[in-house]
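Throughout, read-outs are computed from the coordinates displayed, never taken from laboratory work. Quick caveat, the model's predicted, so the values are computed rather than measured. All Cβ positions, even for glycine, are placed from backbone atoms using ideal geometry, and neighbour counts span all protein chains on display.
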Amino acid sequence: MGDVHVRAPELTGRGWLNTAAPLSVRDLRGRFVLLDFWTFCCINCLHVIDELRPVEEQYADELVVVGVHSPKFVHEADPDALVAAVERYAVHHPVLDDPELTTWQAYTARAWPTLVLIDPEGYIVAQYAGEGHAHAIASLLEDLVPEHRARGTLQPGDSPYVPPVVEPSDLRFPAKAVPLPASSVVTGGVLVADAGHDEVVLLDHDGGVVRRFGGFREPNGLCLLPTEVASGVGYDVVVADTVGHRLAGLSLATGDVRTLAGDGTQWMQGDGTERLSSPWDVAWWQDRVWIAMAGIHQLWTFDPATGEVEVAAGTLNEGLLDGPAGEAWFAQTSGLAADGDRLWLADAETSSLRWIDASGRVHTAVGTGLFDFGFRDGTADVALLQHPLGVAVLPDGSVAVADTYNGAVRRFADGELTTLAVDLAEPSGLYVDGGDLVVVESAAHRLTRVALGASAAAADFSHTTQRPVTDVGARLSLEIAFTPPPGQKVDDRFGPPSQLLVTATPPALIREGEGRGTDLRRELVLDPAVGDGVLHVAARAASCDEGGGEGAACHMHQQDWGVPVRITADGDAVLALPLGGVADAAL
């Protein structure tokens, strides 16, 4: 661990969830504590919650995991929204509500997610940014648990987790819905991706449950295949099985569910298209199923006739960048709707409405980037959304947007955004039924009708995510700190084990040092005339078992940062970002 011992700061916030009483680092002495800094909009954070579950189970007596919810979006600071998210994503450990990012700043977190391991004596052991670190934490605990047990500092105990009371309901956090035409195998009704129940549910015209289809893990998207295609392949509906990291085919007549793409394991850097990463929505366009691959910020396609899966758009970089499909940047695209020669996209993390045209070029209708959002009507240059998850094409050719974190439905037409309805509980999906727009109110566990001719007033606010600004010099050494977990080493037998991509907003902020490379250190020359901006840093590093050989396990550690900087004469000459490692290497 090194000779530097850093005492863990106390846990400070607005309140606690999933525990009977407030917790403190002091109260938890005698056990290891793992702080998981997360925010519920962040797909990487949701991945970490899932990947930590085996570690929590393995070290149930010795380890207490504490989620520290430090929000990015205004809506995420709403305590009721956090309660819903903790239930929705099955967070089975105590959660500190940190709306002012007090504890976030005390631990110098710079990215969602960030993990901090504290030993039984209250000292910070290690810090990691991003996902893919569960094995590293397990390896560290494998070494440290016997050490602290031998020293008498480890005192195993019961978990402080207290599960919330959940009221039963027919739907639980439904995500998307599609109406069934009279010509379908099951005549009429509506199919709902019921994420909270891990089911696809068939409702009748009055909203009654006709049938439940199981075998899913938080399904979010549904695509009804054209009749002639469905009859040829033997299933009617393609389901984006988000936490299952797969596409599933559902036969409405038999209830059979088959895997179409994905092997159930989350895609990681270096994998091919045999693995998926949190597919969130699916749509039929250009004779293929298009997939919003939210987990890696891309669009993929699936051909039911051949079973072929391909990457269609996106570079893996998270952000908002238009242009040719292969060069465009997306950010957790979560809603799709086809309209002739356009495929409309709800790009959640950039709070934007976008589309891809038939030639494969990506365009933005509303939205400016990862950290700017709000609730404002008007022309495209001033209109604002907040983390939209759904989109639908209306009969007149305009586009409706499920403006999820604003609790609203918006309408985009002729270059202008207006508001159809407000006071909805996290609307996440939409479809047209006669003269109504049916809205999937996810946090209210229901479907709600809104007249197509309705109108409402926007709240009219704008917001930029506030993160601490770092004063830096014009010449800046960027250092990504990474040390392999115990029992592993950096392995370069099959090529460079690391990758670093550096860009900036505005681009003119960087005079020298922009671009992609394999070294985790980079010398940057910044432009004092620009003054301030955001450095976008994406780093990856691979480690493998020290023994090597057949069956050796390798792991990818990865994270993206957006670091606000200000160039000053006496600013820092070094910017160190922890990808992962023990405390004195990471802090």
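Please express the Cα-Cα pair-distance distribution P(r) of the chain as a list of whole percents, one per 10 Å bin, running from 0 to the bin with the greatest distance.
Using 10 Å bins, I get a P(r) of 3, 17, 27, 27, 17, 7, 1, 0 for the chain.
Could you tell me which of His205, Phe302, Ala150 has its Cα farthest along the dipole of the chain towards the positive end, charges placed at Cβ (Lys, Arg +1; Asp, Glu -1), taken about the Cα centre?
Result: Ala150.
Express the relative contact order of the stretch 1-166 as a whole percentage, based on alpha carbon pairs under 8 Å and six or more residues apart in sequence.
Computed value for the stretch 1-166: 36 percent relative contact order.
Suppose every Lys and Arg Cβ carries +1 and every Asp and Glu Cβ carries -1, with no other charges. What dipole size does the chain come out with about its Cα centre, to the nearest 20 debye?
Charge dipole of the chain: 260 debye, to the nearest 20.
Excluding Pro395 itself, what net charge comes from residues whose Cβ is under 14 Å from its Cβ, given Lys and Arg +1 and Asp and Glu -1?
Local charge sum for Pro395: -3.
What nm distance separates the two modelled labels at Ala253 and Val83, each placed 7 Å from Cα along Cα→Cβ?
Inter-label distance under the simple model: 4.7 nm.
Using the Cα centre of the stretch 190-285 as the reference point, and only Cβ charges (+1 on K/R, -1 on D/E), how large is the resulting charge dipole? Debye, rounded to the nearest 20.
So the dipole magnitude of the stretch 190-285 works out to roughly 140 debye.
Give me the extension gain from Arg29 to Ala474: residue separation times 0.36 nm, minus the current Cα-Cα distance, reported in nm with one decimal.
155.9 nm
Would you work out the relative contact order for the stretch 307-359, in percent, from Cα pairs under 8 angstrom that are 6 or more residues apart?
This gives 23 percent for the stretch 307-359.
Work out the charge dipole of the chain with +1 on the Cβ of Lys and Arg and -1 on the Cβ of Asp and Glu about the Cα centre, then indicate which of Val502, Thr333, Val439 is farthest towards its positive end.
Val502
Mind pulling the angle between the C-alpha long axis of helix 79-88 and the longest principal axis of the chain? Nearest 10 degrees, somewhere in 0 to 90.
80
Among Gly369, Gly580, Thr470, flag the residue with its Cα farthest along the positive direction of the charge dipole of the chain, charges on Cβ as +1 for Lys/Arg and -1 for Asp/Glu.
Among Gly369, Gly580, Thr470, the one farthest towards the positive end of the dipole of the chain is Thr470.
Taking the 0 to 90 degree range and rounding to the nearest ten, how far is the long axis of helix 43-58 tilted relative to the main principal axis of the chain, both from C-alpha atoms?
Between helix and principal axis, roughly 60 degrees.
Measuring from a point 7 Å past the Cα of Ala182 along Cα-to-C-beta, which residues in the stretch 419-457 have an amide N at less than 14 Å?
From the stretch 419-457, the list is 434.
What spacing in nm lies between the two simple spin-label points modelled at Arg446 and Arg14, each 7 Å away from Cα in the Cβ direction?
2.5
For the chain, calculate the relative contact order in percent as a whole number, restricting contacts to Cα pairs under 8 Å that are 6 or more residues apart.
Relative contact order of the chain: 10 percent.
Under the 0.36 nm per residue contour assumption, what length would be gained going from the current alpha-carbon distance of Arg361 and Glu57 to full extension?
Extra length available between Arg361 and Glu57 comes to 104.8 nm.
Suppose we take every Cα in the stretch 1-166 and form the convex hull; what volume per residue is that in Å³?
Hull volume normalised by residue count: 105 Å³.
Taking 0.36 nm per residue of sequence separation and subtracting the Cα-Cα distance, how much length would be gained by fully extending the chain between Gln105 and Arg217, in nm to one decimal?
Taking 0.36 nm per residue and subtracting the Cα distance, the gain is 36.9 nm.
Against the longest alpha carbon principal axis of the chain, how many degrees, from 0 to 90 and to the nearest 10, is the axis of helix 134-151 turned?
40
Can you give the local net charge around Ala458? Use residues other than it whose beta-carbon is closer than 10 angstrom to its beta-carbon, Lys and Arg +1, Asp and Glu -1.
-1
So how far apart, in nm, are the two label points at Ala576 and Ala380 if each is 7 Å from Cα heading toward Cβ?
Placing both labels 7 Å beyond Cα along the Cβ direction yields 4.6 nm.
What are the ³J(HN,Hα) values, in whole Hz, obtained from phi via the Karplus relation 6.51 cos²θ - 1.76 cosθ + 1.60 with θ = phi - 60°, for each residue of the stretch 438-450 in sequence order, with x given for Gly and Pro?
The phi angles translate into 8, 10, 7, 8, 4, 6, 9, 6, 7, 10, 10, 9, 10 Hz.
Quick one: grab Rg to one decimal and Dmax as a whole number for the stretch 107-147, Cα atoms only, in Å.
Spelled out, the Cα radius of gyration and Dmax of the stretch 107-147 are 10.8, 32 Å.
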